[in-house]
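This report concerns only the one structure given below.
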Amino acid sequence: MTMPEGLERVLPEMVGRDMFDALVIRTDFSDDESWNAVVRELRRPWGPDGEFPANVQVIDAPAWSGATADEVLAAVDEDEYLSVVFVADRYTMESPRRGLLALSTVWEDEGDLDPVYYQELIESPEPREFRAAPAAVHSVHVNVTLGNIGFAEFAVAASAEPDQVLRPV
């Protein structure tokens, strides 16, 4: 879905998300069977022995169809407790691993950094995205939210996988 030039997409406001609910937004509506498989996996208990409940808020609304990563990030910008959002896009629906796009909602604007002190960060900014299998979503969300593991560490782990999709840790 392409917006006419000069018009801005207005995405629905998200309400009622608990801080520990992973947020997954569907932006591709081409394959309901694939989407249902993603949702089933997201709703499974997780952890080494499946001891943790799957707390997830799934947004499945056609208004999000075709939304870009930047549009999703702009729409969730007001949620001060959200560190990572997951997007079910065309890649998710077409890939065998159903890799969701994980987007960091926290990043530095390198344009405002003093190069004297932050040259390394300016030259090598933190990653803003990576792919994660649905079974890895909860671990990523909880650990990034609590600050146990940084978003960049998960991105590095995903990049080490042959298909660039993070598996459950």
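With θ taken as phi - 60° and the coefficients 6.51, -1.76 and 1.60, list the Karplus ³J(HN,Hα) couplings across region 78-94 in order, rounded to whole Hz; mark glycine and proline as x.
Whole-Hz 3J(HN,Hα) from phi for region 78-94: 6, 7, 5, 9, 9, 9, 8, 10, 10, 10, 9, 10, 4, 4, 4, 5, 9.
For V84, which sequence-distant residues (separation of 5 or more, or a different chain) have an amide H within less than 5 Å of its own amide H, given hydrogens modelled in the peptide plane?
Amide H neighbours of V84, under 5 Å, 5+ apart: T105.
Pull up all non-local amide H partners of Q57: gap of 5 or more, or a different chain, and H-to-H distance under 5 Å with H placed in the peptide plane.
Amide H to amide H, under 5 Å and 5 or more residues apart or across chains, Q57 pairs with A22, L23, V24.
Taking H as built 1.01 Å from N, whose amide H comes closer than 5 Å to the amide H of F130, not counting residues under 5 places away?
A102
Quick one: Karplus J couplings for region 22-34, per residue in order, coefficients 6.51, -1.76, 1.60, θ = phi - 60°, nearest Hz, x for Gly and Pro?
5, 9, 10, 10, 7, 10, 10, 10, 7, 8, 5, 5, 5
Only the coordinates and a few stated rules stand behind these numbers; no lab work does. In this text, all values refer to a predicted model and were calculated from it rather than measured experimentally.
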